[in-house]
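Rule-based calculations on the coordinates, nothing more; no lab input. It should be emphasised that the depicted structure is a prediction, and the values quoted were computed from it without experimental measurement. Please note: Cβ atoms are built from the backbone with ideal geometry, for glycine as well, and neighbour counts cover all protein chains shown.
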Amino acid sequence: MKLYYKYFLFIFVLAFTIEAAAQTTIWRDIHKVKKKETIFGIAKDYGVSIQELLDANPEMKQEGYELKKGSWIFVPFAKGNDKKAEIKPTTITTNTPKPQKSVAAPVSNVIRIGVMLPLHNNDGDGKRMVEYYRGLLLALEQMKAEGINTDVHAWNVPIDADIRTTLSEQNAANLDIIFGPLYSNQVKHLGDFCTKNGIKMVIPFSIESKEASVNPNIFQVYQDNFRLNKKAIACFFERFQKTHQPIFINCNDNDSQVGNFTSELRKNLERAKIPYKLTSINTPQVDFAKNFSTSKPNVIVINSEKSPYLNKVFAKLDSLKRTNPGIAISMYGYNEWFMYQEYNLANYFKYGVYIPSTYYYNKAARKTEALEKLYQSKFGEPMRNTYIPRFAIIGYDQAQFFVRGLKNKGKNFKGNSTDVKYAPLQTHYNFERYGSGGYINNHFQLVHFKADQTMENLVY
């Protein structure tokens, strides 16, 4: 059977300029300016007024603005026109992102996708969401060869927006799935809207909200800290309670975000009558060494996720190993340590670091390398390596998982990994029912840096 592809693409590029004050924003296209083109000519070609074009690109109103070859500008829908009727299928090419005509797929064969996130370049949230959205678009583009038809609508929904304004857009109620929002105060309105219209809703990032436990249409990708800490503690016991001596190192980090985890772990050890040692990053080396067992392996937990404190601990352990080379040491860490992996990798292997996590980014994997190269070729810049997890890969993985799931199961898709033939590059997905409501991703793993310079993922 011949399959057709319909794909409405919004390409985000370097010259990304959207006013955060906008309550909701939707564009027809993005245009790369050619030599000798004028604002008048571009407006005429797209059937919009000069004022509409200027309103969509506020920087063009600034004194001294010049339309330059290679610049990117947003093209709005003409006022009064039916936005849905105006949509044209498009495709990406490396050399030019100009829309190309293709055969439209039957409406019944299209998965209608909404993205409601702060898609702007004004702060860190906006930049991360732009990268996420770019990854999502790359996934949809790669699925086109399989005949998976998609119709994408994206809205800029900043932190101060009333999402109900976005939901009043005529295309919103016709969607099959919505990715968003980013902010907790927008979840209830969006969740109620999705329930009313039979739309699946993916909360793509960590968020404080109880809606997932009561709304059957919600998929919550990231677990709350309480659930994560509980799993991390259970993994610690399963891995170390019978074989290792626990040692807690106080880093005197007053701004640490991991105090709840370390205090709960200590309480659980005490309830299980498992002895542990307490020391400090400032303890003299002679006294510091007395806390370590020479007869069985030691596992270290520090009460800071930050790099400076981790480096100080490594320095003390290096000194300890020089005087006591036979001491066996492992470390139990945090997601944030992935950010320091490139320059601390040797220490991670040396001290057998374990990181409990819901994700792992393997930079050396061929599929990951290919995606990073594709991203840079399409958008003219690399993925930001300071984003952990990698936001473009989050968007890519989530689009692959949920679009394929809807393709295979339609309205009956409940987030079961067996229903989706896709191996995620960063975060694995396997959703379970959350209370009497929706679904939460139950995946959890330990990433282990082994002494033989290899790594393993221990899935729980």
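Using the Cβ of Ile148 as centre and a radius below 9 Å, the other residues enclosed give a net charge of +2, where K and R count +1 and D and E count -1. I'd like the distance separating the alpha-carbon centroids of the range 249-267 and the range 344-398, in whole Å. The range 249-267 and the range 344-398 have Cα centres spaced 27 Å from each other.
In this structure, the amide hydrogen of Val115, modeled 1.01 Å from its nitrogen in the peptide plane, lies closer than 5 angstrom to those of His153, Ala154, Trp155, Phe179, counting only residues at least 5 positions away or on a different chain. Separation of the range 196-228 from the range 140-177 is 18 Å, based on Cα centroids.
Taking the DSSP bridge list for the range 304-460 and keeping only pairs wholly inside it, about 85 percent are antiparallel.
Normalising the average separation of contacting C-alpha pairs (under 8 angstrom, six or more residues apart) by the number of residues puts the relative contact order of the chain at 16 percent. Suppose we keep just the DSSP beta bridges with both residues in the chain; what percent of those would be antiparallel, to 5? The answer is about 30 percent antiparallel.
Taking other residues whose beta carbon is less than 14 angstrom from the beta carbon of Lys414, and scoring Lys, Arg as +1 and Asp, Glu as -1, yields +3.
Taking other C-beta atoms within 10 Å as the exposure proxy, Ile113, Ile39 rank Ile39, Ile113 from fewest upward.
Local charge for Thr279 was computed over the other residues whose Cβ lies under 13 Å away, with Lys and Arg +1 and Asp and Glu -1, and equals +3. In plain terms, the residue of Thr454, Thr368, Thr166 with the fewest other Cβ atoms within 10 Å comes first and the most crowded comes last, giving Thr454, Thr368, Thr166. Extension gain, Glu264 to Glu342: 0.36 nm times the residue separation minus the Cα-Cα distance gives 25.1 nm.
Label-to-label distance, Asn225 versus Asp287, with points set 7 angstrom from Cα along the beta-carbon direction: 3.0 nm.
Overall, the chain carries a charge dipole of about 1280 debye about its Cα centre when +1 sits on the Cβ of Lys and Arg and -1 on the Cβ of Asp and Glu, all other atoms neutral. Ala364 to Ala78: FRET efficiency via 1/(1 + (r/R0)^6), r the Cβ-Cβ distance, R0 45 Å, to the nearest 0.05? Efficiency for this residue pair is about 0.40.
Measuring against 22 Å, Cα to Cα, the residue pairs Lys127/Lys231; Lys296/Lys321; Lys35/Lys127; Lys296/Lys450; Lys367/Lys409; Lys242/Lys450 contain Lys127/Lys231; Lys35/Lys127; Lys367/Lys409 as the ones spanning a longer distance. Helical content of the chain, expressed as a calculated mean residue ellipticity at 222 nm, amounts to -10000 deg cm²/dmol (DSSP H runs of 4 or more residues, -39,500 (n - 2.57) each, divided by residue number, nearest 500). Look at Lys242, Lys450 and count the other Cβ atoms within 10 Å of each Cβ; fewest to most, that gives Lys242, Lys450. For the range 226-357, rounded, prolate or oblate, judged on the Cα gyration tensor with a ≥ b ≥ c (square roots of eigenvalues), a/c < 1.5 rounded, else prolate if a/b > b/c? Rounded, since a/c falls under 1.5. On full extension, the segment bounded by Ile274 and Thr323 gains 14.9 nm, given 0.36 nm per residue less the C-alpha separation. Once the range 139-194 is represented by equal point scatterers at the alpha-carbon sites, with solvent omitted, what log10 I(q)/I(0) does the Debye formula produce at q = 0.13, 0.15, 0.17 Å⁻¹? Scattering profile of the range 139-194, log10 relative to I(0): -0.40, -0.51, -0.62.
Maximal additional length on extending the Val459-Asp419 stretch stands at 12.5 nm, based on 0.36 nm per residue less the C-alpha distance. Shape of the chain from the C-alpha gyration tensor: prolate (a/c of 1.5 or more and a/b above b/c, with a ≥ b ≥ c the square roots of its eigenvalues).
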